[in-house]
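Please treat every number below as a calculation from the coordinates, not as lab data. Quick caveat: nothing in here was measured; it's all calculated off a predicted structure. Methodologically, a virtual Cβ is constructed for each residue, glycine included, from the backbone with ideal geometry; neighbour enumeration extends over all protein chains shown.
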Amino acid sequence: MAPPGFRRERALIKRGIWPVAGCDEAGRGPLAGPVVAAAVVLDPKRIPKGIDDSKRLTPERREELFEEICATASFAVAFGPPARIDRDNILRASLWALARAVHALPEMPRHVFVDGRDRLDIACDCEAVIGGDGLVVSIAAASIIAKVTRDRLMCALAQDCPGYGFESHKGYSVPEHLEALDRLGPTAHHRSLYAPVIAAREKHQPWTIKREPDLFAEAEADGEISAAI
């Protein structure tokens, strides 16, 4: 499979449009931890070799490229915490974090490429590219920054929350994590509205579960009272 290229960025540069940023996120699927968004503006003359979709790279290679990108490009990172994910849903929290990352860049870009189907609510042109982390090198660079940043954060959270295995599965729904949730209950870093976390809350923290009134049962009770009268 061909690596992502700089063709789309170069076409904009030829039209006098610069800076051009790529942005991507990591952590939509996990049960715990934030979604992490990154925005990157690569230096056309110093693009690190080997940049690719972070999912195609080994952890060791991601770490190497992370350092190279940080040393040669402008970048910014933003976090969508579990509380925002619970409030807004994961898609809206991801888009919110991506927009914050773009606005946190040292210089506001004139054009942004974002991975996925959804454009961002930002003060410049934005182009959504499906599969962009495998097509557009600026998006691929952002995917590496987001992934490494999130992995490091989850390893740090593992120190505060021993027993969950955050350092290995990074909060994803793997058997080790599900077993720990069932055994230990959820932490403050878990996304409280995800089904496995709800099950753990019901077992360990039942007072946190909001019970909706059973309107059918209430109607039956009212009917019994009326019949008795």
Inset, instruction - Considering the options GLY29, VAL136, HIS103, tell which one lies farthest towards the positive end of the dipole of the range 7-158, charges being +1 on Lys and Arg and -1 on Asp and Glu at the Cβ, about the Cα centre. - result: VAL136
Inset, instruction - Neighbouring Cβ atoms within 10 Å as the yardstick, rank TYR164, TYR194, TYR172 fewest first. - result: TYR172, TYR194, TYR164
Legend entry - Under 28 Å, Cα to Cα: Lys pairs in the chain, sequence gap 8 or more or different chains: 10
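Run the dipole for the chain about the Cα centre, Lys and Arg Cβ at +1, Asp and Glu Cβ at -1, nothing else charged, and hand back the magnitude in debye, nearest 20. Intermediate values should be presented prior to the final figure.
Working: 30 positive and 33 negative charges, 241 e Å.
I would put it at about 1160 debye.
List the trypsin sites (Lys or Arg not before Pro) within the range 95-161 that fall in a DSSP loop (any state other than H, G, I, E or B) and whose Cβ has at most 16 other Cβ atoms within 10 Å.
Numbers: sites: ARG100, ARG110, ARG117, ARG119, LYS147, ARG150, ARG152; in loops: ARG110, ARG117, ARG119.
For trypsin sites (Lys or Arg not before Pro) across the range 95-161 that sit outside H, G, I, E and B with at most 16 neighbouring Cβ atoms in 10 Å, the list reads ARG110, ARG117, ARG119.
Can you figure out the FRET efficiency of GLU179 with TRP207, using R₀ = 30 Å and their beta-carbon distance, to the nearest 0.05?
0.80
Only Cα pairs under 8 Å and at least 6 apart count here; give the relative contact order of the chain as a rounded whole percent.
Working: 409 pairs, mean separation 57.6, N = 229.
Computed value for the chain: 25 percent relative contact order.
Starting from the range 5-87, pick out the trypsin sites (Lys or Arg not before Pro) whose DSSP state is loop and whose Cβ has at most 14 other Cβ atoms within 10 Å.
Details: sites: ARG7, ARG8, ARG10, LYS14, ARG15, ARG28, LYS45, ARG46, LYS49, LYS55, ARG56, ARG61, ARG62, ARG84, ARG87; in loops: ARG15, ARG28, LYS45, ARG46, LYS49.
Loop-located and lightly packed - ARG15, ARG28, LYS45, ARG46, LYS49.
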Inset, instruction - Mind computing the radius of gyration and Dmax over the alpha-carbon atoms of the range 7-158? Å is fine for both. - result: 14.3, 47
Legend entry - Which of THR208, THR149, THR72, THR58 has the fewest Cβ neighbours within 10 Å, and the rest in rising order: THR58, THR208, THR72, THR149
Legend entry - Residue-by-residue Karplus 3J(HN,Hα) for the range 44-53, coefficients 6.51, -1.76, 1.60, Hz, glycine and proline x: x, 8, 9, 7, x, 6, x, 5, 8, 3
